[in-house]
């Protein structure tokens, strides 16, 4: 074990007398894994608590400072069967990739074994099974064993290890009966072969492993599509800042060496490295990713600026209030971590079914063994029938009931422009009863456009486009795109004001309304477009005002109307009151709240959930990431900030909002199919178990029944492909 000093830079101190560390843990697949880790670490002396994030396989451990060293925690996790290591972005990504490769190798081995054993089984079913010469039948059985035993031993390791961990803490997850069914099925098959019996279960065991490994690999790949929020936040957090020394010279300095009260330089086009107050300079700040405010915010002496926001036009000198820690980004990080931890305890439908199914099956098998002994049967006969009960109830159908639907529904959603991050998202989406939208970049187009282009004369638009090409301001791009391809003018840019150039012997300006002196012309445009940013063009005493805004997505009204037929709709936005009110009116007087901070959005979502609601949050900005994590379920557009994408349960592609409505419709049908499959499994067991208990089931019938239940479940799952069509 490494020396404790090796872990010093991974340990943080969230509170006085408390140490904490984030760890990456592989092999976490279900609710039982969460219980195993959290309870196991909780018994360690000095540990205050442990929280498992199932989505990204992260464990946050807190302990009394000085009570123990990090290696003790790692040793405890290893003893529980969960090897762990301190979190780093590279290590976490590497571990995910290695786990995916392992599952892929296991699936390949299982599929190879299944195909070859099935070929041998076909020969048996075609007549070799009933051949009076038992040597031929035994030869096929031994060949099947030669293929199935090593394949199952290797391919079944993910399930065997999970079952062992579950049993170690006195719990039963779905992998326990799967492992028992596979092991006992193979053991029974070997005994049948040794005793020259007719039926074996080699093909059933490897087929079960093949199906289940395919589902687990799919889930692993869906989870890998989302990057951990810490990785994405670090992309916005500056590692260095331009610190101004006492001599006034700016020097690039590590952010850890920047303290409260220092002066830093924020250059145009760069993200601001600290939270602070502007002491000198004027500029415009793009805060849309952080606060949701669409229009650039003017920065002037005395104004507050935040780490992670983008300085657009001018040079600023900023007096540091927070650097490295305590910044707005850190506040979002804390909110996000808390929200993720609250949601990580979700138990999937299959796990809930397993909690009832697993003990019932085991009790039935044990009762069968005892009962046959009690009526005078020999122990070999009693054990054979008991094993038959376990095998015939081996949860092929139950194990496939949910994954099969997930696979089909995920494909159907992908064809409609939506990518799931995890299989459990389907269950969450189906249960949502309230849809909460962010406005900026979610209900609206991700990029601003020229709203009043029809009111602008072509010559004025062409001139404005040529001036806009000389500007670095992001809103100028909307004018340049509306004007089409143009030759840029040789213009001079005034930071925070606009650009000016000589055109046909006259001075032309493009910039702020005040700088161009176009207040009177701008008034009616502002009244018509209260959520727009206004840019003026002045030339020879003439003024033209351009309204640049993020218009609603083309199908936003139709999608909101569709969702409103079965669910409540709300808008929670950090944007201005006027901008949000206009969007709400355009969508049909939807309930809304404006100028919200990230914590305010979480508060509203928590209030909804406290009232028994299950909100679906749809958002795209950094300020939405905590809300996306806190909501019952969440969706983000592919154009969203990486940190928002990481917290969403699904991403939708393209410029249309329709995939959100499709997700709700298809997931509702998918959950119905999951429940139907579980009932099919239950009915199958209600019929098969009594027959097996009474000793009426032969090995061949057991194999056919077990395979038949899986086929029925799979065929029913295929109906999820047409879920949207059926809904219409």
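Of note:
- Hey, residue 469 buried (at least 18 other Cβ atoms within 10 Å of the Cβ) and within 21 Å of residue 653 (Cα to Cα) or not: no
- Flag if residue 482 is at pLDDT 90 or above and surrounded by fewer than 21 Cβ atoms within 10 Å (Cβ to Cβ): no
- If you filter region 435-444 down to residues that are in contact with a strand residue (DSSP E or B) (Cβ under 6 Å, 6 or more places away or on another chain) and more than 11 Å from residue 634 (Cα to Cα), you find that the one that is surrounded by the fewest Cβ atoms within 10 Å (Cβ to Cβ) is 444.
- Any hit, region 485-495, residues being in contact with a helix residue (DSSP H, G or I) (Cβ under 9 Å, 6 or more places away or on another chain) and at pLDDT 90 or above: no
- Each residue in region 630-676 was checked for being at pLDDT 80 or above and in a helix (DSSP H, G or I), and 20 of them qualify.
- For region 514-532, the candidate set comprises residues that are surrounded by 22 or more Cβ atoms within 10 Å (Cβ to Cβ) and at pLDDT below 90; within that set, the residue that is nearest to residue 578 (Cα to Cα) is 531.
- Taken across region 466-483, residues that are more than 44 Å from the chain's Cα centre (by Cα) and outside the structural domain of residue 594 (by TED's automatic domain parsing) do not occur at all.
- For region 518-532, a tally of residues being under 41 Å from the mean Cα position of the chain (by Cα) and in a loop (DSSP other than H, G, I, E, B) returns 4.
- Some residue of region 533-545 being in a loop (DSSP other than H, G, I, E, B) and not assigned by TED's automatic domain parsing to the domain that holds residue 601: yes
- Any hit, region 552-564, residues being part of a strand (DSSP E or B) and modelled with pLDDT under 90: yes
- Restricting region 192-203 to residues that are in a helix (DSSP H, G or I) and in contact (Cβ under 8 Å) with a residue 12 or more places away in the chain leaves a set whose member that is surrounded by the most Cβ atoms within 10 Å (Cβ to Cβ) is 202.
Per-residue answers, yes or no, for (1) at pLDDT below 90; (2) surrounded by 24 or more Cβ atoms within 10 Å (Cβ to Cβ); (3) in a helix (DSSP H, G or I):
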| residue | (1), (2), (3) |
| --- | --- |
| 579 | yes, yes, yes |
| 592 | no, no, no |
| 607 | no, no, yes |
| 625 | yes, yes, yes |
| 628 | yes, yes, yes |
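- Qualifying residue in region 578-585 (condition: free of Cβ contacts under 8 Å to residues at least 12 places away in the same chain and more than 22 Å from residue 462 (Cα to Cα)): yes
- Checked against the criterion of being farther than 23 Å from residue 175 by Cα and either modelled with pLDDT under 80 or assigned by TED's automatic domain parsing to the domain that holds residue 194 (or both), the candidates 349, 366, 373 yield just one match: 373.
The values are calculated or read from the model by the stated rules, or taken from the named source; none is laboratory data. Remember, it's a predicted structure, so these values are computed and weren't measured experimentally. Heads up, the Cβs are rebuilt from the backbone with ideal geometry, glycines too, and the neighbour counts pull from every protein chain shown.
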